[in-house]
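To keep things clear, I will list the structure first and then write my remarks on it.
The values are calculated or read from the model by the stated rules, or taken from the named source; none is laboratory data. This is a predicted model, so every value here is computed, not measured. Quick reminder, even Gly has a Cβ in these numbers, built from the backbone with ideal geometry, and neighbours come from all protein chains shown.
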Amino acid sequence: MTDDLYEKGLEIRRAVVGAAYVDKSLADADDFTRPFQELVTRYCWGEVWSRPGLERSERSIINLAMISALNRPQELKLHIRGALRNGLTRDQIREIFLQVSIYCGIPAGLDSFRVAKEVFAEIDSQGDTPAA
């Protein structure tokens, strides 16, 4: 599937979560999962992430809080890296997870901090610094 919205979504998706991750997701798609990959690329990234009104960093803040509240550690790991690429600092990510801890519960906050520490350790060990 290729169209302007899809292409815009693909560009934003690669910029935020990384080209390697996106390209692998698309390459691994089969007849069953390809429609989902197309949906995510077109509507999540092409339609919503490209809208005016919020900066990418602000969208990352919202995503980190929502994904933490939903207890989705794999997506949280991906979006922590994306948040760093979008200019958030580790201190800001910590503050988001403190807020999550109060409003969504300590277990949600605890898991979010654990996942963030894993991501930071991976980044530090690889010398890979997406951003601050």
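Miscellaneous remarks
- Residue check: A69 meets all listed conditions (1) touching a Phe, Trp or Tyr at 6+ places or on another chain (Cβ under 7 Å); (2) of a type in the set (G, A, S); (3) surrounded by fewer than 18 Cβ atoms within 10 Å (Cβ to Cβ) but one, namely (1).
- Residue in region 79-89 that is free of Cβ contacts under 8 Å to residues at least 24 places away in the same chain and not aromatic (F, W, Y) present: no
- Residue ID - nearest to G87 (Cα to Cα), chosen from residues in region 1-25 that are among the hydrophobic types (A, V, I, L, M, F, W, C) and free of Cβ contacts under 8 Å to residues at least 12 places away in the same chain: A19
- Matching entry among S50, S112, S60 (being surrounded by fewer than 20 Cβ atoms within 10 Å (Cβ to Cβ) and either touching a residue at least 24 places away in the same chain (Cβ under 8 Å) or assigned by TED's automatic domain parsing to the domain that holds L10 (or both)): S50
- Yes/no for D124 being touching a Pro at 6+ places or on another chain (Cβ under 7 Å) and assigned to a helix (DSSP H, G or I): no
- Filter result for F36 (assigned by TED's automatic domain parsing to the domain that holds R114, modelled with pLDDT of 95 or more and of a type in the set (F, W, Y)): no
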